[in-house]
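Novice: Here it is: the structure, laid out below.
The values are calculated or read from the model by the stated rules, or taken from the named source; none is laboratory data. Model, not experiment: these values are computed from the prediction. Glycine gets a Cβ as well: all are built from the backbone with ideal geometry, and neighbour counts include every protein chain shown.
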Amino acid sequence: MHLGAIAITLLALTLAGCVSTPTAQDVALKGPDRIYVAMYGPQPEEKFPLPATDIPTVDPQFLRREVAYDTPERPSTIVVDTANRYLYLVRENGRALRYGIGVGADGMKWAGRAQVGRKVEWPRWMPTAAMIKRDPERNRPWANGMPPGLNNPLGLRALYLFQDGRDTLYRIHGTTVPDTIGDAVSSGCIRMLNQDILDLYSRVPVGTPVVVLSDTRTVDAGMKPST
């Protein structure tokens with residue numbers, strides 16, 4: 001074979017080896033939606049390497065984006081709209097970052113004002129006494145806490161909400177169950193896709209004000225958990 005032809009063949013083989021095979025997720029998301037493949041991609045550098053979110057299982061309206069948002073709250077405030085399943089990080093000029101969330105099941109929702117009192121990477125999860133009472137078989141084994149990891153209900157980051165210097169026992173945290181975003185399934189806490197809580201965590205310091213709007217479909221119990 002001519003040397004030029006050999007060189008061309010070797011170059012073609014080399015380039016072919018650099019092209020990854022499209023995944024099912026890549027094929028499912030086309031055009032502008034492909035940006036979410038990177039946004040919700042794997043995080044291999046984490047203490048427990050985080051896989052990509054299975055985006056097709058999430059309603060597109062709940063994927064992270066910047067939006068126009070009219071609110072009296074000041075920039076850098078977190079606003080949780082439980083009724084519509086959105087969390088907003090207020091920005092300047094009538095804009096906000098909007099994230100999809102899962103919220104507390106009926107009878108366990110709450111509303112009020114708080115602050116981010118603690119920020120924890122790869123938190124331990126500990127059920128409250130009320131949770132153990134409601135579902136002892138499921139929750140009692142973890143009465144002393146569940147170690148951090150990919151199966152931990154708090155995901156890879158958690159923001160602990162405090163009111164008047166006291167822990168409210170409510171959290172904004174990650175979840176590895178993406179198809180629950182947009183639903184009311186948790187025990188009162190606010191759950192986000194793990195890549196979204198990672199993004200929010202990086203943007204807000206301890207002391208950030210948090211406003212949780214009342215869902216008028218339920219009784220507003222203030223900041224106290226329903227038992």
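Novice: Considering only the range 79-94, I want to know if a residue exists there that is over 17 Å from THR176 (Cα atoms), in a strand (DSSP E or B) and more than 15 Å from the chain's Cα centre (by Cα).
Specialist: Yes, because at least one residue in the range 79-94 is over 17 Å from THR176 (Cα atoms), in a strand (DSSP E or B) and more than 15 Å from the chain's Cα centre (by Cα).
Novice: Separate question: What tally of residues in the range 186-212 results from selecting those that are surrounded by fewer than 16 Cβ atoms within 10 Å (Cβ to Cβ) and either within 14 Å of the chain's Cα centre (by Cα) or closer than 17 Å to PHE62 by Cβ (or both)?
Specialist: The initial filter retains those residues of the range 186-212 that are surrounded by fewer than 16 Cβ atoms within 10 Å (Cβ to Cβ), namely 202-203, 205-207.
Of the ones still in play, those that are also either within 14 Å of the chain's Cα centre (by Cα) or closer than 17 Å to PHE62 by Cβ (or both) are 202-203.
Total satisfying the criteria: 2.
Novice: Please note which strands (runs of 3 or more DSSP E) are completely contained in the range 173-223 and include at least 2 residues that are closer than 27 Å to PRO44 by Cα and at pLDDT 95 or above. Spell out the reasoning first.
Specialist: Details: elements: 184-186, 190-193, 209-213.
Counting at least 2 such residues, we get 190-193.
Novice: Can you tell me which residue in the range 44-70 is nearest to VAL210 (Cα to Cα), limited to those that are exposed (fewer than 15 other Cβ atoms within 10 Å of the Cβ) and among the polar types (S, T, N, Q)?
Specialist: GLN61
Novice: Those residues that are of a type in the set (Asp, Glu) and modelled with pLDDT under 95, I need them from the range 98-134; list them, please.
Specialist: The one that is of a type in the set (Asp, Glu) and modelled with pLDDT under 95: ASP106.
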